[in-house]
Amino acid sequence: MLLDKIDATQVHRETYIAVINGMLRKRGDKQTLADKAGMKAEHLSNMLNPGLTADSYIRTPGPKLAERIVALLPVDLEVRQSLREHLYFAWAGERETLTSYSRQRMLSYYAIRDIVGDLGRAHVEATHTADPRLAKHNYRVISHACKLILERIDPDPERVGSADPDFDANPLEFVQVCLFLHDVQCVLNRADDALFHAKVAAQIMEACDRDKFSTRIDYFDHLKVNTLVAESLAYRNLKLLKQADEASRKAEELIQELGSTSAEFWLPHVYMHRLKAVIQRSRFTLGDVDGLLMQIDKAYGRRPYDFQPRWQEQLAEARARGYLQYGIRCGTGHSIKTAARILQKTAESIERNETPQLGAVLRSRIARTYAETLWHQKEFEGWKLYIQLSLSIALNAGLDHQLAEANQEYGSAILPIIIELEGTSKSKALNK
């Protein structure tokens, strides 16, 4: 049974544990939640210990206690419902009540191939288009389509190799759709769902025999590393920096183990995710930032791809964010001014609408980082111009994660700007 092979119970368990732990990072948070839920703190602590397998871990709370816990968490309706489902399926799986995938209504190989190709093109367009409204449309369509399509692809590695492709399983295509969905859910500020699909994809790749995909080795290696990179990103978005770092190091080890060009494609991304996790820590040095930037630059230099300008802008934004965060935490105005100088030219080009090569996410992020450098230099007119630019791009493109991060940084300070851009309904949505 496929769910035995990928240990679906553990995937649900690790997802709900990560989401809840991401909300309980301050000292005393777990004790407070335990008190309000009417349970012992030790019980809650045990519940949030991942364990290894269903055999070694039967601590998921029953439906009634799970409902009390979820009701106390500060999350929106979508995440609340998702948490309920993960808790229930983990609890049910520990009691062996889950069932396997059905082969009914599965798509044909040729239909799957065409759909995955269409999704890939829509994903690239959403990521890199200069039109935020097109990006928003594509992100929503991809999210909805992926969820429907995953129900129609047979991912069982044991059924790979049929002479008739219509009776063959398609685990690699299933994994690819999971990864498309992961990326979109990160943009839409659903790191919980992104982590779940990354973990499902990773376990399916673990269950696959690489030798069975000898004609698709490059694609196989590319996907296998991608699943770990995806986990790292989702953990970082959940503010679980230790787990994000562990996933990135596993990805780096796998790249070295596989040694293929398709695996090495991910090396600069691994270092970039690690850098972004480092600068979220309470302590780091500019040496940490510059060292990782050198590793990123070196790894990227091996790649013969044609989007060098776009990557250089990503690198510049990461460098600026590192210097900015260091300056804020250490009280060094020089580092903040350095961050501003790094981004000024590009931010001004974005404001003049002269950066068609940059996608909505990157443009919104650069404008927001530059705005924050101005905020900390008390240049409030410039700050308003660029935070308004960032929020406008994010609102038009549906970049919920960018909006959530801006809200976390500024809180009520940006509400008048949100009202100006979209009206009070959007400002309420931002604070739901």
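Computed from the coordinates by the stated procedures, all read-outs in this text should not be read as laboratory data. Keep in mind it's a predicted model, so treat the numbers as computed, not measured. Here Cβ is always computed from backbone atoms with ideal geometry, including for glycine, and neighbour counts include all displayed protein chains.
Placing R0 at 25 angstrom, the Cβ-Cβ distance between Tyr110 and Glu78 gives a FRET efficiency of 0.15 after rounding to 0.05.
Any chance you could check the Cα centroid distance between segment 312-387 and segment 227-288 for me, in angstrom? The two parts, judged by their Cα centres, are 23 Å apart. Straight-line cross-link partners of Lys36 among the aspartates and glutamates, defined as a Cα under 18 Å from its Cα and at least 8 positions apart when in the same chain: Glu67. If you take the square roots of the eigenvalues of the alpha-carbon gyration tensor of segment 219-271 and sort them as a ≥ b ≥ c, do you get rounded (a/c under 1.5), prolate (a/b over b/c) or oblate? Because a/c hits 1.5 or more and a/b exceeds b/c, segment 219-271 counts as prolate.
Given the rule -39500 (n - 2.57) for each run of at least 4 DSSP H residues, summed and divided by the residues of the chain, what is its mean residue ellipticity at 222 nm, to the nearest 500 deg cm²/dmol?
Mean residue ellipticity at 222 nm (helix-derived): -23500 deg cm²/dmol.
Annotation: segment 162-315 has a Kirkwood hydrodynamic radius of 16.3 angstrom, from the mean reciprocal C-alpha pair distance.
Measuring nothing but alpha carbons in segment 302-399 and taking Rh as the Kirkwood radius, the Rg to Rh ratio lands at 0.99. In a reduced charge model with +1 at each Lys and Arg Cβ and -1 at each Asp and Glu Cβ, segment 283-416 shows a dipole moment near 280 debye about its Cα centre. Extension gain for Lys212 to Ile419 (0.36 nm times residue separation, less C-alpha to C-alpha distance): 68.9 nm. Which of Lys30, Lys345, Lys239 ends up with the largest GNM mean-square fluctuation for the chain, with Cα atoms connected below 10 Å? Per the Cα network of the chain with a 10 Å cutoff, Lys345 tops the list. The C-alpha atoms of the chain define a longest principal axis, and helix 63-72 lies at about 0 degrees to it.
Determine, at each q value in 0.12 (inverse angstroms), the log₁₀ of I(q)/I(0) that the Debye formula gives when each Cα of segment 103-238 is one equal point scatterer. Summing over Cα pairs of segment 103-238 leads to -0.46.
Across the cross-link table entries Lys276/Lys345; Lys30/Lys64; Lys199/Lys276; Lys26/Lys337, which are compared at the Cα atoms, the separations over 26 Å belong to Lys26/Lys337. Please report the relative contact order for the chain, taking Cα pairs under 8 Å with a sequence separation of at least 6, and give it as a percent rounded to a whole number. In percent, rounded to a whole number, it is 14.
As an equivalent ellipsoid, segment 179-225 spans semi-axes of 25, 11, 5 angstrom, where each value is the square root of five times an eigenvalue of the C-alpha gyration tensor, largest first.
Partner aspartates and glutamates whose Cα lies under 16 Å from the Cα of Lys250, excluding those fewer than 8 positions away in the same chain, are identified as Glu206, Asp221, Glu231, Glu264.
Taken over the chain, the percentage of Cα pairs per 10 Å bin, counting from 0 up to the bin with the maximum distance, is 4, 19, 30, 27, 15, 4, 0.
Under the simplified labelling scheme, the Gln408-Asp35 pair shows an inter-label distance of 2.6 nm, with each label point 7 Å from Cα along Cα→Cβ.
Just checking the listed ones, Ile418, Ile204, Ile328: in the Gaussian network model of the chain with Cα springs under 10 Å, the one fluctuating most is Ile328. Here the relative contact order of segment 277-362, from alpha carbon pairs under 8 Å that lie six or more residues apart, stands at 28 percent. Using the alpha-carbon atoms, what tilt in degrees (0 to 90, nearest 10) does helix 400-410 show relative to the longest principal axis of the chain? It works out to around 40 degrees. Given axes a ≥ b ≥ c from the Cα gyration tensor, I'd like to know whether segment 334-383 is rounded (a/c under 1.5), prolate (a/b larger than b/c) or oblate. It comes out prolate by the Cα gyration axes. Rounded to 0.05, the FRET efficiency of the Lys378 and Asp290 pair, given R0 = 30 Å and the Cβ-Cβ distance, is 0.65.
The listed peptides 155-161, 273-279, 347-353, ordered by packing as a protection proxy, come out as 273-279, 155-161, 347-353 (highest mean of other Cβ atoms within 10 Å first).
Taking Leu421, Leu403, Leu358 as the candidate residues, the one with maximal mean-square fluctuation in a Gaussian network model of the chain, Cα springs under 10 Å, is Leu421. I'd like the distance between the alpha-carbon centres of segment 13-29 and segment 151-219, rounded to an integer number of Å. So the separation of the two Cα centres works out to 27 Å.
The mean sequence separation of alpha-carbon pairs under 8 Å and at least six residues apart, normalised by the residue count of segment 161-309, gives a relative contact order of 18 percent. Only Lys, Arg, Asp and Glu carry charge here, each on its Cβ (+1 for the first two, -1 for the last two); on that basis the chain has a dipole of about 1540 debye about its Cα centre.
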